[in-house]
There are 2 protein chains.
Amino acid sequence: MSNSIRVFAPASVANVAVGFDILGFALDKPGDEIKVGFSDQQGLRITAITGADGKLPLVVEKNTAGFAAQQLLKHLNKEDIGIDMEIHKKMPFGSGLGSSAASAAAGVVAVNALLGYPLNKQELLHFAVLGEQIADGAYHADNVAPSLLGGMILIRNNSDLDVHQLPIPDDLYAAVVHPDVEVLTKDARDVLSDQVCLKKCIEQGGNLAAFILGLMNSDFELISRSLHDVIIEPQRAQLIPNFYDVKEAAVTAGALGCSISGAGPSIFALCQGEETGRAVGQAMQSVFSRAGIENQLYLSNINRDGAVVL
Amino acid sequence: MSNSIRVFAPASVANVAVGFDILGFALDKPGDEIKVGFSDQQGLRITAITGADGKLPLVVEKNTAGFAAQQLLKHLNKEDIGIDMEIHKKMPFGSGLGSSAASAAAGVVAVNALLGYPLNKQELLHFAVLGEQIADGAYHADNVAPSLLGGMILIRNNSDLDVHQLPIPDDLYAAVVHPDVEVLTKDARDVLSDQVCLKKCIEQGGNLAAFILGLMNSDFELISRSLHDVIIEPQRAQLIPNFYDVKEAAVTAGALGCSISGAGPSIFALCQGEETGRAVGQAMQSVFSRAGIENQLYLSNINRDGAVVL
């Protein structure tokens, strides 16, 4: 592998309680690393995957990072260039932390960097979303956009990739706890009714709008009053053991709000200040630990950088 | 009537396409005027109502302005003070422009001013909403809050009156056309399904969030892309003759977006600049006029002041 480039892309929290399918933010850690370099052999190859217990495909077309990078190369008319890719999964998958999105984001950023930055990050988004689609089935940017671009992201519309950075108060931290239980994405989908009562739709809208205003004004009390998901969380909570106890522990320890990260089983809490974040995270962990469920805590500022060349 | 006080409270546009029950903004005109002064007779009396064709009750308890003012006096332990009130309706009612809300707002501001300002406007809101409830049946601030406070208002939650000013780009104008047709509030309610499909709820959420971000960043293109009501407007449009033609005329003439004001039949368009606002308003009027429907145009900046003592 010559001229090799290493890229880190962070995990992300999608939905963020009040923005099902339209909000997501990036974490400082965990995340995936991807290494690419030129090779003598024609075309893109995945030469190694670590950290995935053999569960991810080496076949480029079936791999989120591989497919995303391949679509980018196709767009640039550079499919024939010899590129080797190593994928180092450094985060759990099926965790609700946007693992496949992180790989897709890292893949396109790495190949773009290797080729001398023909596109900017905004232009890369479409290809990363195509990669994510391999894993997820849907053309959805709520994990990919934060993982690639960093920040707290609003997706007005997924099909147009009408994607926007929201303001972030400096002191906003996320405590995310990943319990070692399995929630199948299919179950997380199947459990959702395709109808919402109008009253709840209005309530969620008020909370969503107020959350954004709270971010804008660094109004932590308003953020806290707004962080209530009355539509998705009540339907999905049953899939995560001890969810409501964990949530109560987070709020009691001072969290602004607490809900399911993506489709779960990870649970995130937003907090004012790192110290509160740590206390909240430990309180959440305690509930899982007492129930005999292994778990990891990720404490993080909101990541402003997204995927970066190391 | 001694020491008399005159108050103007403006009309308002509720719902604003993407914020059913949670957004509203105030207009510079039209609006209602209320005059109050001390009298020798004990208690609050409504001595005159003009501009209502005898359709509004003189009985204090049945009149939005009277009831709102009476509730305020009760709260202040001043029910016995002799106060005469004149109500001068200077806007159409049943128009979707918040006529009863304007009267309620004007009523409490006038009585509060007469008594030497014991409460601030935020504290008056509850009493004005109680007045509006007489007309509307619901404890809803989406017209009352803008009429009282001015601005573009977000109501996170009506029952707590968790009410917030949103940022407003300087150059934002509203063209509002009131066609002389009747839409019964009951019909406007009955036509709404109490269920929303999840997909539309997500789409509306994306638009709502992006509209607020657009206001914040004075991003008129984003405001324009966001001003689409996919839930309420499609259900209520049938109640307003020529609605879609008026909307098309507005957008063709350069409106950022166009939808139903409150429960209708008035139609509002948001525009960048007064000149565009005027052209848009005239284009909207033309459609009604060609259909033989009398109509009035109100062209206005977003009113920042709300109810004011004259």
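Read-outs throughout are calculated quantities, based only on the coordinates presented, and are distinct from any laboratory measurement. Values in this document were obtained by computation on a predicted structure and should not be read as measured data. Note that each Cβ is placed from the backbone with ideal geometry, even for glycine, and that neighbours are counted across all protein chains shown.
Taking every alpha-carbon pair under 8 Å whose residues sit at least 6 apart, chain A reaches a relative contact order of 24 percent.
Per residue, the convex hull spanned by the Cα atoms of the protein assembly as shown amounts to 152 cubic angstrom.
Here the simple spin-label model places points 7 Å from the Cα toward Cβ, and for A:S2 and A:K199 these points are separated by 7.0 nm. Helix-only arithmetic for the protein assembly as shown: the sum of -39500 (n - 2.57) across DSSP H runs with n ≥ 4, divided by the residue total, places the mean residue ellipticity at 222 nm at -11000 deg cm²/dmol. Near A:G262, within a Cβ-to-Cβ distance under 11 Å, what is the net charge of the other residues, with Lys and Arg +1 and Asp and Glu -1? With Lys, Arg at +1 and Asp, Glu at -1, the net is -2.
Annotation: Cα Rg of chain A relative to the compact-globule expectation 2.2 N^0.38 Å equals 0.98.
Using C-alpha pairs under 8 Å with a sequence gap of at least 6, the mean separation divided by the residue count of the stretch B:1-144 gives a relative contact order of 31 percent.
Can you bin the stretch A:172-301 into rounded, prolate or oblate? Criterion: square roots of the alpha carbon gyration tensor eigenvalues sorted a ≥ b ≥ c, rounded for a/c under 1.5, prolate for a/b above b/c, oblate for the rest. Here the stretch A:172-301 falls in the oblate category. Quick one: grab the alpha carbon gyration tensor of the stretch A:1-147, order the square roots of its eigenvalues as a ≥ b ≥ c, and give me rounded if a/c is under 1.5, else prolate or oblate depending on whether a/b is larger than b/c. Here the stretch A:1-147 falls in the prolate category. From the Cα gyration tensor of the stretch B:151-197, with a ≥ b ≥ c the square roots of its eigenvalues, which class applies: rounded if a/c is under 1.5, or else prolate if a/b is larger than b/c, or else oblate? Verdict is oblate for the stretch B:151-197. Across the identical copies, the label point of B:Y244 (7 Å from Cα in the Cβ direction) is separated from its matches by 4.6 nm, in order from shortest. Local charge for A:H164 was computed over the other residues whose Cβ lies under 15 Å away, with Lys and Arg +1 and Asp and Glu -1, and equals -2. With label points defined 7 Å past Cα in the direction of Cβ, position B:D160 shows copy-to-copy spacings of 3.3 nm, given to one decimal and shortest first. Working ranking of peptides B:301-309, B:224-232 by packing, defined as the average number of other Cβ atoms within 10 Å per residue, highest first, is B:224-232, B:301-309. Working ranking of peptides A:278-286, A:148-156 by packing, defined as the average number of other Cβ atoms within 10 Å per residue, highest first, is A:148-156, A:278-286.
Relative to one another, the C-alpha centroids of the stretch B:89-144 and the stretch B:235-306 are positioned 25 Å apart.
Using a 7 Å projection from Cα along Cα-to-Cβ, the label point at A:D194 is separated from the same position in the remaining copies by 2.2 nm, smallest value first. Residue pairs exceeding 28 angstrom between C-alpha atoms, taken from A:K55/A:K186; A:K55/A:K200; B:K62/B:K247; A:K74/A:K121; A:K199/B:K29: A:K55/A:K200; B:K62/B:K247; A:K199/B:K29. The 3J(HN,Hα) values that the Karplus relation (6.51, -1.76, 1.60; θ = phi - 60°) gives for the stretch A:28-44 are, in residue order, 6, 8, x, x, 10, 10, 10, 10, 10, x, 6, 9, 7, 7, 6, x, 8 Hz. Gly and Pro appear as x. Neighbours of A:G206 by Cβ distance under 12 Å: Lys/Arg scored +1, Asp/Glu scored -1, total -1.
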